[in-house]
Amino acid sequence: MTPTLYYVVCAVLSVTVLLGISMMSRVKTAVRGNIISAASVLAGIVVTLLYNRIASVGSIYVYMLVGVVIGSAFAVRVKMIQMPQLVALLNGVGGLASALVGILTLLGVGQWVSDFPVFSNVTAVLAIVVGVITLVGSLVAAGKLHKLLSQRPVIWKNHAVVLNFSLIVLTVSVVYSAFAGNVFGLPADVALILLISIAFSTLFGFAFSIRVGGADMPITISLLNSLSGVAGAIAGMAISDILLVSVGGIVGASGLFLTQIMCRSMNRSLMDILTGKTSVSGKKVVQPQPVMEEPKSETPDEQPGKPSAGEILRNARSVIIVPGYGMALAQAQHLVRQLADKLEANGAEVRYAIHPVAGRMPGHMNVLLAEADVPYEQLYEMDVINGDFKDTDAVIVIGANDVLNPAARDAVDTPIYGMPVLNVDEAPEVFICNFDLSPGYAGVENPLYTKRSGVHLMLGDAKESLSTMIAWLN
C-alpha cells in the first residue's frame, strides 16, 4: 500500500467515524451509527497492519482474539444497570493502551525509528501522563458508581497543593524527556522519567477524581472519555500514526463537546465539578416553605372525598412519565411500557420526559426505554417538555429524584443548586414510584414528597407499584 493510498483511506475512515458519531446523537440512527463507527475502527486496524507490513505477525491475531472474547463476554454478561461502570472501565483501558504505547516508544522497543526523536520522546511521555491519569481516574469513577468507594467527594487537607505539585512535576518530566537518549549530548535517565511520570500521573488521576461527588460522575465519565481520545491522539503522534491521531482527536473532541453540553444542562462549571465545589452538603434555603407532615405510602383510594387512583389515571388524557435510575435498578422498563399501553388504550397521550443526566450516564434512560420498544417519538428532552407539566393531567415518576427535585431552585450550597430540573412539581397530580423517601444520589432532601398536595407516594419495589397501577386500569 502506497503512502498516498494510505492517507486517502485514513481520511475516508476518519469521516466514517465522524458519521457514525453523528448518527449516535439521534435515537433512531444510534444503533447504525455505532455499527458504522465500530466497522471503521476495525477497518483501521486492518489498514494499519497492511501498511506497516505486520499483518504476517501471528501473535497479533491471538491478542485480537483474546480482546474479542473479553469484549463479547462483557456485552453478554454486563447488565444495562452496570453500563456506566463499564464505560468508565473502557475509558481507562483506552488510557492504559495509550500509556503502553508511550512507554514502549520511550524505551525504544520495536523496529520503528523516529526521524524526530525529541518530538517522539516528549509526546511519548505526554501519552503516558494523560493515559495513566485517564486509567486511574476511570477506575475511581467506576468504583464510585459501583459503590466500592464513597460516593461523596473526598477532599484532603491541602488537596489543591497536591494537584498543583503533581502538575509541576509532570511538566518537568515532560520537558526533561526531550533530553532522553542523549539527544543533545545531555544524559537523561529514561527509567527515572518513566517512574516519575507514572507515579505522579497516578497520584494526580486519583486526587482529581476522588473529590468529585457521585452526582457529578456522569460529567466526569464524559471528561475521561475525552481524555482517553486525547491520550490516543498523542500516542499516535509519538509513533507517527496519522490514523490514530485522527481518530483519537475525534474521540477527544466529541467527549469534550458532550462534557460541555452536560455542564450546560446542569448549569455548572467544569472547574467547580472537578474541585468538588458542587458536591458540598448544605441546607441553606433562600425561600423556606412550611413543612407538612410526612405523607404515608398510600393511594388516593384511602383518602375519603378524593378520586381513586384508578379514576385519576382513567380520566387522564395527558400523562408524562419520568424515568430515573430507580427504574434501571428495578429493571422495570417493560412494565412502564405496559402501563403506557394501557393509558393509551384508554385514550391518553403518553410522553416521556428525559433529563440530560438522568441515570448514571448520558442516554441511560433512552437505552433502557428502547429495550422495551418505547417509540422514539414519545421521548422528549427536558427543554422541550418542561413547559408542559403544568398542563398535563398526571405525571408518573419511576425511580427519579434529583432530576425533579425543586430544591435545586432555592436550596443553595447543595450539590444540585442551580441545576435545571424537570418541572414535575407544577403538575396537578404526581404519582411517585420510588423505593423509599431517602434523598437521591446527590443527598438532598426532596420537598416534593412533603410540601404539597396532589402527590401520591407509592413506595416500594417499582415493579410492584407499576403492576398495581396497571391493575387500576384493567
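Can you name the residue in the stretch 36-52 that is among the polar types (S, T, N, Q) and buried (at least 16 other Cβ atoms within 10 Å of the Cβ) and is also farthest from THR2 (Cα to Cα) among such residues? Break it down into steps so the answer makes sense when it comes.
Taking the stretch 36-52 as the starting set, the residues that turn out to be among the polar types (S, T, N, Q) are 37, 40, 48, 52.
Within this subset, residues satisfying the condition of being buried (at least 16 other Cβ atoms within 10 Å of the Cβ) are 37, 40, 48.
On the way: SER37: 25, SER40: 20, THR48: 12 Å.
Selected residue: SER37.
Taking the stretch 344-382 as the region of interest, how many residues are β-branched (Val, Ile, Thr) and over 27 Å from ASN267 (Cβ atoms)? Walk me through it before giving the result.
Taking the stretch 344-382 first, the residues β-branched (Val, Ile, Thr) are 350, 354, 357, 367, 374.
From the residues that got through so far, the ones that are over 27 Å from ASN267 (Cβ atoms) too are 350, 374.
So the answer is 2.
Out of all the residues in the stretch 386-422, which are in a loop (DSSP other than H, G, I, E, B), within 21 Å of the chain's Cα centre (by Cα) and of a type outside the set (Ser, Thr, Tyr)?
Taking the stretch 386-422 and keeping what is in a loop (DSSP other than H, G, I, E, B), we get 392-393, 399-401, 405, 410, 413-422.
Still in the list and also within 21 Å of the chain's Cα centre (by Cα): 399-401, 405, 415-422.
If the condition is that a residue be in a loop (DSSP other than H, G, I, E, B), within 21 Å of the chain's Cα centre (by Cα) and of a type outside the set (Ser, Thr, Tyr), then GLY399, ALA400, ASN401, ASN405, PRO415, ILE416, GLY418, MET419, PRO420, VAL421, LEU422 are the ones that fit.
Could you pull out the residue among ALA88, ALA75, ALA30, ALA55 that is modelled with pLDDT under 90, touching a Leu at 6+ places or on another chain (Cβ under 6 Å) and among the small types (Gly, Ala, Ser)?
Numbers: ALA88 fails: touching a Leu at 6+ places or on another chain (Cβ under 6 Å); ALA75 fails: touching a Leu at 6+ places or on another chain (Cβ under 6 Å); ALA30 fails: touching a Leu at 6+ places or on another chain (Cβ under 6 Å).
After applying the criteria, what remains is ALA55.
Could you tell me whether the stretch 344-359 includes any residue that is in contact with a helix residue (DSSP H, G or I) (Cβ under 8 Å, 6 or more places away or on another chain), over 28 Å from GLN260 (Cβ atoms) and not aliphatic (A, V, I, L, M)?
Yes, the conditions are met somewhere in the stretch 344-359.
Which condition does LEU437 not pass, out of (1) assigned to a loop (DSSP other than H, G, I, E, B); (2) modelled with pLDDT of 90 or more, if it passes all the others?
(2)
Only one of (1) at pLDDT below 90; (2) over 25 Å from LYS28 (Cα atoms); (3) assigned to a helix (DSSP H, G or I) fails for ASP383. Which number is that?
Among (1) at pLDDT below 90; (2) over 25 Å from LYS28 (Cα atoms); (3) assigned to a helix (DSSP H, G or I), the lone unmet condition for ASP383 is (2).
If I go through the stretch 122-150 residue by residue, how many of them are farther than 12 Å from ILE221 by Cα, under 22 Å from the mean Cα position of the chain (by Cα) and either among the polar types (S, T, N, Q) or outside any helix (DSSP H, G or I) (or both)?
5
Would you call LEU135 aliphatic (A, V, I, L, M), touching a helix residue (DSSP H, G or I) at 6+ places or on another chain (Cβ under 6 Å) and either in contact (Cβ under 8 Å) with a residue 12 or more places away in the chain or exposed (fewer than 13 other Cβ atoms within 10 Å of the Cβ) (or both)?
Details: aliphatic (A, V, I, L, M): yes; touching a helix residue (DSSP H, G or I) at 6+ places or on another chain (Cβ under 6 Å): yes; either in contact (Cβ under 8 Å) with a residue 12 or more places away in the chain or exposed (fewer than 13 other Cβ atoms within 10 Å of the Cβ) (or both): yes.
Judged against the criteria, LEU135 is a match.
Specify the residue that is farthest from LEU100 (Cα to Cα); the eligible residues are those in the stretch 151-167 that are touching a helix residue (DSSP H, G or I) at 6+ places or on another chain (Cβ under 9 Å) and assigned to a helix (DSSP H, G or I).
Looking at the filtered set, the residue picked out is HIS159.
Taking the stretch 306-339 as the region of interest, how many residues are assigned to a strand (DSSP E or B) and basic (Lys, Arg)? Walk me through it before giving the result.
Initially, the stretch 306-339 is screened for residues assigned to a strand (DSSP E or B), giving 318-323.
From what is left, the residues that are basic (Lys, Arg) are none.
Residues flagged as assigned to a strand (DSSP E or B) and basic (Lys, Arg) within the stretch 306-339 amount to 0.
Restricting attention to the stretch 98-130, which residues are of a type in the set (A, V, I, L, M), surrounded by fewer than 17 Cβ atoms within 10 Å (Cβ to Cβ) and either modelled with pLDDT of 85 or more or over 22 Å from THR171 (Cβ atoms) (or both)? Quick ask: steps written out before the conclusion?
So in the stretch 98-130, the residues of a type in the set (A, V, I, L, M) come out as 99-101, 103-104, 106-107, 109, 113, 118, 122, 124-130.
Narrowing further to those that are surrounded by fewer than 17 Cβ atoms within 10 Å (Cβ to Cβ): 100, 104, 107, 109, 113, 118.
Passing the criteria: LEU100, LEU104, VAL109, VAL113.
How many residues does the stretch 423-474 hold that are within 26 Å of the chain's Cα centre (by Cα) and not aromatic (Phe, Trp, Tyr)?
First, the residues of the stretch 423-474 that are within 26 Å of the chain's Cα centre (by Cα): 423-424, 432-446, 461-463.
Applying the additional criterion that residues be not aromatic (Phe, Trp, Tyr) yields 423-424, 432-434, 436-440, 442-446, 461-463.
Going through the stretch 423-474 one residue at a time, the tally reaches 18.
Could you grab me the full set of residues in the stretch 404-455 that are in contact with a strand residue (DSSP E or B) (Cβ under 7 Å, 6 or more places away or on another chain), more than 30 Å from ASN315 (Cβ to Cβ) and acidic (Asp, Glu)?
Within the stretch 404-455, ASP410, ASP413 meet the criteria.
The values are calculated or read from the model by the stated rules, or taken from the named source; none is laboratory data. From a predicted model like this one, the values you see are computed outputs, not experimental measurements. Don't worry about glycine lacking a Cβ; one is built from the backbone with ideal geometry, like all the others, and counts go over all protein chains shown.
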